[in-house]
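Encoded as structure tokens, the structure appears first; notes follow it.
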Ligand SMILES: Cc1cc2nc3c(=O)[nH]c(=O)nc-3n(C[C@H](O)[C@H](O)[C@H](O)COP(=O)(O)OP(=O)(O)OC[C@H]3O[C@@H](n4cnc5c(N)ncnc54)[C@H](O)[C@@H]3O)c2cc1C
């Protein structure tokens, strides 16, 4: 069981590492170990009828398996250095963009052709936003949609399966150094490789922390993003989403000077549960196929929380807030904006009577009992600011789901080759803390694969 390269994790980072290695050095013996299921076996049991909310499966099909956390995502590949990670700090801005474009070309070849590439270049909304102290970030975004994203993954797997050895439902327990390589230890067997790429994503954050401790790889961690998912009638944002698809808008609050930003906008999409290490938070996605679209648009409003000494556990802070919402609501809480600003909880009746149908079955409640005042004040201020460029955002019936938390993996110390302090041990994708998106994670995979191929 000896390999030239072992990749841990079959998310976008792992898949694109494998893809590029095989392109450059087809003679290499490469294996991919994945804790979750093969793509066709990934099914979230929530059907909205028999099973209405998360039942905490041993392996969460939303977060794990071939395709990683991205498999049922909206498939928005943002080609930008402005958000989605800080890969450019390691490999340079131009190279980062080139790699993201390269990933886009591959996605087009494997089933994405015909999908639309949106861009903020030359848009009139930039001016309109700035007139209201809202700042629209620059990006091109390829929207594959959940359906086409799945097809691309199917095609990539069909191509890779004969060239790379895949081990599904095989979580790696630990990684050990040997003379001239690494031992990858699973429950029943140990595998040996010369080079190892770790790409375990957000769901592997705790595992990654442990491995870094065991191998004494330096890390730092001080950020978590906390907020809500907003859902409103698609018409409210249609002038922005029709042209840009996703608009990343940043606002600095007048009250505290905090930055609040829109994140992961899903026109005509659906709000979904997300399970991270047993904690239920909220997320969203949308389909390219009009038949599967809804009448609502959703996006997150997030506030970044940075901590200074002596506190180090930023994810623990985010988890505690999410746990509070799980404790009060048994999962995700939903509240009408009108109820929130009147200081009253939403009830099933008030949600029922609203002029919008929620796309996620969540518990009507009171988000002010969950979110810290400073964060909630920032979100409310931003909703009023957005109302100026998208009137209707601050309507009473706008739905807020909480909580949405973006956990950032602790940042692992790596070189400009994304190599840890040990030669041949690479740490990439969201698991490295450097990327937080499909495009950046995929690009980091291509980058290390090229470095490995060149070094041989
Ligand atoms: C619902 C949802 C929607 C999203 N929408 C978008 C979007 O539209 N655009 C965007 O840019 N980003 C989106 N994201 C984020 C995006 O999916 C991630 O940034 C991206 O998948 C990161 O890729 P990765 O390869 O680093 O990690 P992941 O995709 O998280 O893959 C890591 C893989 O490693 C496996 N693993 C973990 N630990 C181990 C172990 N010990 N042994 C073996 N395997 C292990 C996991 O099972 C997982 O499959 C979304 C995320 C979610 C959950």
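The values are calculated or read from the model by the stated rules, or taken from the named source; none is laboratory data. Being a predicted model, the structure only gives us computed values, none of them experimental. Using ideal geometry, Cβ is built from the backbone for each residue, glycine included, and neighbour counts are taken over all protein chains shown.
The condition of being surrounded by 14 or more Cβ atoms within 10 Å (Cβ to Cβ) and in contact with a helix residue (DSSP H, G or I) (Cβ under 7 Å, 6 or more places away or on another chain) holds for only one of 245, 182, 157, 191, that being 157.
Residue-wise test of (1) on the phi < 0 side of the Ramachandran plot; (2) under 22 Å from the mean Cα position of the chain (by Cα).
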| position | (1), (2) |
| --- | --- |
| 112 | yes, yes |
| 122 | no, no |
| 133 | no, no |
| 137 | yes, yes |
| 148 | yes, yes |
| 163 | yes, no |
| 174 | yes, no |
| 179 | yes, no |
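Scanning region 194-218 for residues that are closer than 10 Å to residue 427 by Cβ and surrounded by fewer than 20 Cβ atoms within 10 Å (Cβ to Cβ) yields a count of 2.
Against the definition (crowded, with 18+ Cβ neighbours inside 10 Å, within 15 Å of the ligand (Cβ to nearest atom) and within 30 Å of residue 278 (Cβ to Cβ)), how does residue 87 come out, yes or no? Yes. Would region 377-386 turn up any residue that is touching a strand residue (DSSP E or B) at 6+ places or on another chain (Cβ under 9 Å) and surrounded by fewer than 17 Cβ atoms within 10 Å (Cβ to Cβ)? Looking for residues that are touching a strand residue (DSSP E or B) at 6+ places or on another chain (Cβ under 9 Å) and surrounded by fewer than 17 Cβ atoms within 10 Å (Cβ to Cβ), one finds none in region 377-386, hence no. Residue count for region 348-381 satisfying the condition of being closer than 30 Å to residue 51 by Cα, in contact with a helix residue (DSSP H, G or I) (Cβ under 8 Å, 6 or more places away or on another chain) and either in contact (Cβ under 8 Å) with a residue 60 or more places away in the chain or assigned to a loop (DSSP other than H, G, I, E, B) (or both): 7. Does any residue of region 382-401 turn out to be within 16 Å of the ligand (Cβ to nearest atom), under 21 Å from the mean Cα position of the chain (by Cα) and touching a residue at least 60 places away in the same chain (Cβ under 8 Å)? Scanning region 382-401 turns up at least one residue that is within 16 Å of the ligand (Cβ to nearest atom), under 21 Å from the mean Cα position of the chain (by Cα) and touching a residue at least 60 places away in the same chain (Cβ under 8 Å).
Looking at region 34-59 only, could you name the residues that are out of contact with any helix residue (DSSP H, G or I) (no Cβ under 9 Å at 6 or more places or on another chain) and within 11 Å of the ligand (Cβ to nearest atom)? Selection gives 37, 42, 44, 59. Residues in region 411-435 that are in contact with a helix residue (DSSP H, G or I) (Cβ under 6 Å, 6 or more places away or on another chain) and in a loop (DSSP other than H, G, I, E, B): 416, 417, 418, 428, 429. Out of all the residues in region 218-227, is one or more in a strand (DSSP E or B) and without any contact (Cβ under 8 Å) to a residue 12 or more places away in the chain? There is no residue in region 218-227 that is in a strand (DSSP E or B) and without any contact (Cβ under 8 Å) to a residue 12 or more places away in the chain.
Restricting attention to region 160-173 and to residues that are exposed (fewer than 14 other Cβ atoms within 10 Å of the Cβ) and more than 25 Å from residue 73 (Cα to Cα), the residue that is nearest to the ligand (Cβ to nearest atom) turns out to be 173. In summary, strands (runs of 3 or more DSSP E) completely within region 252-297 and bearing 1 or more residues that are away from the ligand (no atom under 12 Å from the Cβ), closer than 25 Å to residue 355 by Cα and modelled with pLDDT of 90 or more occur at 259-266. Restricting 212, 196 to residues that are within 14 Å of the ligand (Cβ to nearest atom) and more than 23 Å from residue 37 (Cα to Cα) narrows the list to 212. Restricting 111, 68 to residues that are within 10 Å of the ligand (Cβ to nearest atom), surrounded by 18 or more Cβ atoms within 10 Å (Cβ to Cβ) and at pLDDT 95 or above narrows the list to 68.
Which residue out of 176, 126 is free of Cβ contacts under 8 Å to residues at least 40 places away in the same chain and either part of a strand (DSSP E or B) or within 14 Å of the ligand (Cβ to nearest atom) (or both)? None of the others qualify; the one that does is 176.
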